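Worksheet: one structure, shown below.
Any read-out appearing in this document is the output of simple, stated calculations on the displayed coordinates, not a laboratory observation. Quick caveat, the model's predicted, so the values are computed rather than measured. No Cβ is skipped: glycine too gets one built from the backbone with ideal geometry, and neighbour counts run over all protein chains shown.
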Amino acid sequence: MLIRKEEAKDYEIIYSVVKAAFDSSEHSDGNEHDLVNALRKGKAFIPDLSLVAETDGAIVGHIMFTRAKVGDAIVLALAPLSVLPEYQRKGIGMSLIKKGHSIAEKLGYEYSVVLGSEAYYPKAGYVPADSFGIKPPFDVPSENFMAYKIKKGASDIRGVLKYAKEFGIEPCKP
């Protein structure tokens with residue numbers, strides 16, 4: 001398996017991979033493939049953190065991390081992570097996460113936040129985000145809103161996560 005930065009020639013294939021990955025997903029709004037395209041055009045997009053996984057020359061997985069904010073701190077939002085159904089449960093998603101974390105650390109990012117499965121993401125080191133003082137901008141069970149400390153000596157942060165506007169998430173009103 002090869003993990004590499006996505007290229008413009010991959011966009012159509014990535015669109016299909018993301019769509020297929022979420023077609024049978026229990027927790028999906030059905031628009032993840034469109035979200036990837038929108039994020040790619042936005043200010044929060046980080047080209048070095050939009051990665052594909054290839055097996056035998058075919059793209060079978062994709063991950064995207066974009067900039068988000070907690071107070072004045074820039075953090076990463078992991079979303080979405082996609083692996084073709086027939087390639088799931090083979091370590092591809094975990095490999096994409098680990099490679100993304102490694103690149104993110106080199107780029108100087110300290111935290112990654114994800115909204116996802118409490119059975120899956122803790123295997124990659126994610127813990128409830130509130131343990132770092134990061135709050136979600138919407139109501140969600142704390143076990144599904146998680147964060148990962150990318151940098152060991154990361155600064156303390158506190159506040160509500162503000163996603164890139166392409167996510168279409170308005171913060172909760174106090």
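With the gyration tensor restricted to C-alpha atoms of segment 103-174, the semi-axes of the equivalent ellipsoid amount to 20, 15, 12 Å, longest first.
Pairs Lys98/Lys162; Lys9/Lys41; Lys106/Lys151; Lys5/Lys152; Lys99/Lys149: which exceed 18 Å Cα-Cα? Over 18 Å apart, Cα to Cα: Lys98/Lys162; Lys5/Lys152.
Of His62, His101, the sequence from fewest to most neighbouring Cβ atoms within 10 angstrom is His101, His62. The helix-only estimate of mean residue ellipticity at 222 nm for the chain, built from DSSP H runs of length n ≥ 4 each weighted as -39500 (n - 2.57), is -7000 deg cm²/dmol after division by the residue total.
Distance between the modelled labels on Asp48 and Lys98, one decimal in nanometres: 2.1 nm (7 Å Cα→Cβ projection). 3J(HN,Hα) along segment 46-52: 10, x, 5, 10, 10, 10, 10 Hz, from the Karplus curve 6.51 cos²θ - 1.76 cosθ + 1.60 with θ = phi - 60°, whole Hz, x for Gly and Pro.
Here's the picture: a label point sits 7 Å out from the Cα of Ile74 along the beta-carbon direction, and within segment 131-153 the residues with their amide nitrogen under 16 Å of it are 150-151. Taken along its three principal axes, the alpha carbon spread of segment 61-140 comes to 40, 30, 17 Å, from the longest extent down to the shortest.
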